[in-house]
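Below: the structure, in structure tokens.
The values are calculated or read from the model by the stated rules, or taken from the named source; none is laboratory data. Not measured: the values here are computed from a predicted model. Using ideal geometry, Cβ is built from the backbone for each residue, glycine included, and neighbour counts are taken over all protein chains shown.
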Amino acid sequence: MTHQGQAGCFWVGAIVGQFDVVGAYSAGETSYGLARRHDICRNLIRAWVTEAEAGEFDDEVEAFNLLSDYEGKIAALERLVGRQDYGWAPKRNALNMVVRHRAAA
């Protein structure tokens, strides 16, 4: 997501960054401190807070949570595939040895 604020402030950030900034602002941190730390405009922080209070981030939060769930499932499947590959490796090596032995005879 790309945002451009006043005075040429420019920042390319992820949804997670927006949630962190909005959460810190809601917890009482000043927009000035957040703007300096994250190198973004204070007006952008105010816009994000206004959007969050209006519920405009709800769809993005749901999509982010769904994406996190899918990433977890993909990682589990990759581990499962990796285990299956390791299980077949010794059998594949033994089969290759038998084929080489028969070819040499």
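Yes or no, residue by residue, for (1) in a helix (DSSP H, G or I); (2) at pLDDT 90 or above; (3) surrounded by 11 or more Cβ atoms within 10 Å (Cβ to Cβ); (4) at positive phi:
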{"residue": "37", "(1), (2), (3), (4)": "yes, no, yes, no"}
{"residue": "52", "(1), (2), (3), (4)": "yes, no, yes, no"}
{"residue": "56", "(1), (2), (3), (4)": "no, no, yes, no"}
{"residue": "61", "(1), (2), (3), (4)": "yes, no, yes, no"}
{"residue": "65", "(1), (2), (3), (4)": "yes, no, no, no"}
{"residue": "68", "(1), (2), (3), (4)": "yes, no, no, no"}
{"residue": "71", "(1), (2), (3), (4)": "yes, no, no, no"}
{"residue": "75", "(1), (2), (3), (4)": "yes, no, no, no"}
{"residue": "80", "(1), (2), (3), (4)": "yes, no, no, no"}
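Taken over the range 1-28, the criterion of being modelled with pLDDT of 85 or more and under 25 Å from the mean Cα position of the chain (by Cα) is satisfied by 21, 22, 23, 24, 25, 26, 27.
Give me a count of the residues in the range 32-78 that are under 19 Å from the mean Cα position of the chain (by Cα) and over 16 Å from residue 21 (Cβ atoms). Break it down into steps so the answer makes sense when it comes.
Restricting attention to the range 32-78, the residues satisfying the condition of being under 19 Å from the mean Cα position of the chain (by Cα) are 38, 57-78.
Okay, now just the ones that are also over 16 Å from residue 21 (Cβ atoms), so 58-59, 62-63, 65-78.
Residues in the range 32-78 being under 19 Å from the mean Cα position of the chain (by Cα) and over 16 Å from residue 21 (Cβ atoms): 18 in total.
For the range 24-34, a tally of residues being in contact with a helix residue (DSSP H, G or I) (Cβ under 9 Å, 6 or more places away or on another chain), among the small types (Gly, Ala, Ser) and surrounded by fewer than 18 Cβ atoms within 10 Å (Cβ to Cβ) returns 3.
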